[in-house]
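Note sheet for the following structure.
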Amino acid sequence: MKSEIRKDYIQEKYVIIAPQRGRRPHDVALNNHHSQAKTCPFDSDHPKHPNGIYCFTEKGYGVCPADKNQSWKIKVVSNKYPAVTLDNPKAYGQQEVVIETAQHNQKFEDLPAEHIADLLKVYAARTIEITKNDKIEYIIIFKNQGTGAGASLEHSHSQIFATDFIPPHLIDKSQRTQRYKLEHGACVYCDVINKEQNGPRLIYKDSYVIAFCPYASLHNYEAWIMPLRHLDNITLLNDQERLAWAEVFKKLTKKLAKIGLDYNYYFHQVVNDEDQHFYVKVTPRGSIWAGVEIGSGVVINPVSPEDAAEYYRG
Ligand SMILES: [Zn+2]
Ligand SMILES: [Zn+2]
């Protein structure tokens with residue numbers, strides 16, 4: 001395939017898909033992750049293990065056990081080094097950490113699907129709680145997996161970041177989505193699903209969710225997961241959708257682990273904007289953006305999304 005400039009479905013984002021440029025699709029260096037079990041504050045027996053804000057335990061969802069050594073499956077704690085806080089009007093917001101498992105060496109991709117479905121339920125519960133605060137305008141739930149993706153602790157965890165500030169590119173995206181709806185009478189992402197579900201970039205589809213590599217993937221092996229129903233945020237997913245989502249999450253992250261790729265995932269959602277169709281982006285961190293990317297904003301991706309989808313499907 002010759003290089004090709006591609007534009008995002010709706011945003012002014014461009015990428016040059018350039019498969020001949022570099023490494024073969026699956027030839028990516030393996031990262032070495034060293035275990036830090038003895039110094040991990042996410043382990044219940046660590047002296048500085050934090051008290052939980054919200055827990056999922058054998059008994060169900062909600063209050064954390066009073067005794068912090070008591071067993072839990074998923075625990076939400078305050079971020080110890082927050083960039084935004086509720087008492088700072090100059091950088092207002094709230095940050096939480098979701099410890100995804102009590103087991104230090106448990107890898108995300110190996111968690112049972114039911115456990116990941118429970119994690120999605122915890123994300124939803126925190127989203128509902130945090131957005132009770134009227135000042136919060138934006139909430140992003142994300143995961144940094146591996147040092148190459150910004151993680152500083154190895155123990156499987158994700159984060160919630162909520163502020164009173166909506167990033168401008170999301171306002172722009174929201175306006176473009178609304179314009180598209182006026183012109184075409186439909187949600188742009190519902191149309192994207194229709195387009196991608198029978199094409200070469202499809203990874204997986206069942207009755208509830210779809211996963212595909214986006215046409216203008218900025219990251220190699222970038223993948224999106226979307227609910228088939230038009231939903232604007234994670235709190236609206238039902239049990240079946242959560243379980244289907246969890247299966248896809250496992251499928252994708254197992255494939256990434258196999259080629260040693262660190263990744264981020266994040267839920268793209270603007271709460272209270274029904275025109276939005278929410279989704280998760282999984283963005284592996286296989287290449288370091290260099291001069292072209294930093295200087296021009298145009299990204300060069302050496303793995304075509306068609307090849308990436310084939311890898312995920314295989
Ligand atoms: Zn740990
Ligand atoms: Zn939609």
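The values are calculated or read from the model by the stated rules, or taken from the named source; none is laboratory data. Since this is a predicted model, take the numbers as computed values, not measurements. When we count neighbours, we look across all protein chains shown, and the Cβ atoms used for this are built from the backbone with ideal geometry, even at glycine. Side chains included, ligands, DNA and RNA excluded: accessible areas come from the protein's heavy atoms. Shrake-Rupley method; radii C 1.70, N 1.55, O 1.52, S 1.80 Å.
Go through Lys7/Lys255; Lys13/Lys143; Lys107/Lys195; Lys7/Lys107 and tell me which ones have a Cα-Cα distance over 31 Å in this structure.
From the list (Lys7/Lys255; Lys13/Lys143; Lys107/Lys195; Lys7/Lys107), the Cα-Cα distance tops 31 Å for Lys107/Lys195; Lys7/Lys107.
At 1.4 Å probe size, what's the solvent-accessible area of Phe42? Round to the nearest 10 Å².
About 20 Å², rounded to the nearest 10.
Determine the calculated [θ] at 222 nm for the chain from helices alone, applying -39500 (n - 2.57) to every DSSP H run no shorter than 4 residues and normalising by the residue count; nearest 500 deg cm²/dmol.
-8000 deg cm²/dmol
Could you compute the FRET efficiency for Asp67 and Gln106, with r as their C-beta to C-beta distance and R0 at 22 Å, rounded to 0.05?
0.50
In whole Hz, with x marking every Gly and Pro, tabulate ³J(HN,Hα) for segment 297-313 from phi via Karplus 6.51 cos²θ - 1.76 cosθ + 1.60, θ = phi - 60°.
3J(HN,Hα) across segment 297-313, in whole Hz: x, 8, 9, 9, 10, x, 10, 5, x, 5, 5, 4, 4, 4, 5, 5, 6.
Given the Cα-Cα distance of Thr39 and Asn79 and 0.36 nm per residue of separation, how much length would full extension add, in nm?
12.7 nm
Once phi is turned into ³J(HN,Hα) by the Karplus curve 6.51 cos²θ - 1.76 cosθ + 1.60 with θ = phi - 60°, what whole-Hz value does each residue of segment 194-201 show in order, with x for glycine and proline?
With coefficients 6.51, -1.76 and 1.60, one gets 4, 5, 7, 5, 10, x, x, 9 Hz.
Considering only DSSP beta bridges with both partners in segment 65-214, what is the antiparallel share in %, to the nearest 5?
Rounded to the nearest five, the antiparallel share is 95 percent.
If the only charges are +1 at each Lys and Arg Cβ and -1 at each Asp and Glu Cβ, what is the size of the charge dipole of the chain around the Cα centre, to the nearest 20 debye? All intermediate terms of the calculation are to be shown ahead of the outcome.
Values: 38 positive and 38 negative charges, 125 e Å.
The dipole magnitude comes to about 600 debye.
Rounded to the nearest whole Å², what accessible area per residue is found for segment 194-314 with the 1.4 Å probe?
Result: 38 Å² per residue.
Work from the charge dipole of the chain (Cβ charges, +1 for Lys and Arg, -1 for Asp and Glu, about the Cα centre) and give the residue of Thr163, Gln95, Val298 farthest towards its positive end.
Val298
Can you list residues whose amide H is under 5 Å from Val209's amide H, if they're 5+ apart or on another chain and H is modeled 1.01 Å from N?
Leu228
Given a 1.4 Å probe and every protein chain left where it sits, what share in percent of the accessible area of the chain is carbon and sulfur?
51 percent
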